[in-house]
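What follows is a single structure, written as structure tokens, with notes after it.
The values are calculated or read from the model by the stated rules, or taken from the named source; none is laboratory data. Just so it is clear, the structure is predicted and the values come from calculations on it, not from any experiment. No Cβ is skipped: glycine too gets one built from the backbone with ideal geometry, and neighbour counts run over all protein chains shown.
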Amino acid sequence: MFKKPTQKFSGKIGEVEIGTGEKALKLGGESVLPFYTFDGNTGNPPRVGMEISDVYPEDWIDTLKDLYKEVAKDPAKWAKFVEDKYSPDFICLRLISADPNGADASPEDCAKTVKSVVEAIKTPLVVAGTGNHEKDAKLFEKIAQETEGHNILLMSAVEDNYKTIAAAGALAYNDKVVAESSVDINLAKQINILINQLGVSNEKFVDNVGCSAGGYGYEYVISTLDRVKLAALSQNDKTLQVPIISPVSFETWKVKEAVEPEADSPQWGNQEDRGISMEVSTATGILASGSNAVILRHPKSVEVIKKFIKELLA
């Protein structure tokens with residue numbers, strides 16, 4: 001009788017919990033490659049989150065804005081609407097208003113907004129900053145203070161500001177943080193080691209090792225995910241044994257294939273369909289290469305990716 005061989009690894013990805021109560025969720029926990037149910041324990045299923053914004057999303061495509069036209073000017077109402085209608089595993093609030101090159105909203109005002117959102121929903125909350133390292137440090141410190149007890153995920157800490165964000169988020173106020181690096185296994189290790197040296201354990205943070213839309217340096221993202229996951233599992237590299245989150249929507253909804261109006265390039269077909277296709281194709285490859293959570297924007301993308309995960313784990 002044929003006995004199928006299984007591949008065993010010495011390492012295991014740790015678990016990180018976000019949120020509170022009945023909808024709290026865990027990321028990671030696997031000891032095999034993504035979706036390799038035939039080899040062993042695949043851990044917690046990959047999670048699918050939905051992106052919202054703290055201001056009306058002027059730059060989103062019209063069909064998406066139409067979905068949210070009644071609620072998009074109130075982040076708390078928008079979050080509740082998404083929770084009730086689409087049931088994502090988590091919600092990602094992007095603090096667009098805080099950008100120093102835009103409205104430059106104060107950390108205090110942003111913290112009030114985040115508090116109103118986290119109190120309006122039961123779904124775990126991820127809060128994404130501006131990408132301005134100095135502003136994000138001030139922002140997340142205030143947000144962590146205002147939302148203590150909600151176990152939110154602060155995205156992201158980088159080498160320039162990790163001391164403030166990880167210390168405030170993970171140590172002082174018991175939230176979780178995202179350690180961000182730029183599509184390189186050595187950079188991922190480096191930021192993780194720095195955060196560990198602060199006294200933050202692997203159960204307190206997840207990685208964003210970089211993300212891009214399909215066709216835009218995507219192969220580097222995929223190969224980096226593969227290398228990180230293999231090092232964590234086969235080499236038992238404890239510095240990389242943390243779950244990974246990938247902000248797919250941040251990248252896919254800004255490339256020309258997703259935003260080019262149909263009137264300008266009719267040969268490309270329907271604009272909304274193109275955006276969904278770009279988001280779905282990007283997310284599937286990223287999940288198959290080792291990401292434990294993806295952030296998406298379109299409800300149809302969320303539906304397709306949830307089905308993709310369910311069927312691969314069946």
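Quick rundown of the values:
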quantity	calculated
The range 71-118 - residue that is closer than 19 Å to Met155 by Cβ and of a type in the set (Phe, Trp, Tyr) and, of those, surrounded by the fewest Cβ atoms within 10 Å (Cβ to Cβ)	Trp78
Residue within the range 122-129 that is among the charged types (D, E, K, R), in contact (Cβ under 8 Å) with a residue 60 or more places away in the chain and over 30 Å from Glu219 (Cβ atoms) present	yes
Qualifying residue in the range 225-243 (condition: of a type outside the set (Asp, Glu), at pLDDT below 95 and in a loop (DSSP other than H, G, I, E, B))	no
So Thr42, is it surrounded by fewer than 16 Cβ atoms within 10 Å (Cβ to Cβ) and of a type outside the set (A, V, I, L, M, F, W, C)	no
Qualifying position, being in contact (Cβ under 8 Å) with a residue 24 or more places away in the chain, more than 23 Å from Lys204 (Cα to Cα), in a loop (DSSP other than H, G, I, E, B) and hydroxyl-bearing (Ser, Thr, Tyr), among Thr42, Thr37	Thr37
Flag for Val280 being part of a helix (DSSP H, G or I), within 26 Å of Trp78 (Cα to Cα) and not aromatic (Phe, Trp, Tyr)	yes
The range 265-299: number of residues that are more than 17 Å from Val221 (Cα to Cα) and of a type in the set (S, T, N, Q)	5
Some residue of the range 262-272 being outside any helix (DSSP H, G or I) and closer than 24 Å to Ser156 by Cβ	no
Checklist (1) within 22 Å of Asn44 (Cβ to Cβ); (2) more than 19 Å from the chain's Cα centre (by Cα) applied to Thr282, failing item	(2)
Only listed residue being among the small types (Gly, Ala, Ser), farther than 19 Å from Asp59 by Cβ, touching a residue at least 60 places away in the same chain (Cβ under 8 Å) and in contact with a strand residue (DSSP E or B) (Cβ under 9 Å, 6 or more places away or on another chain), chosen from Ser249, Ser291	Ser291
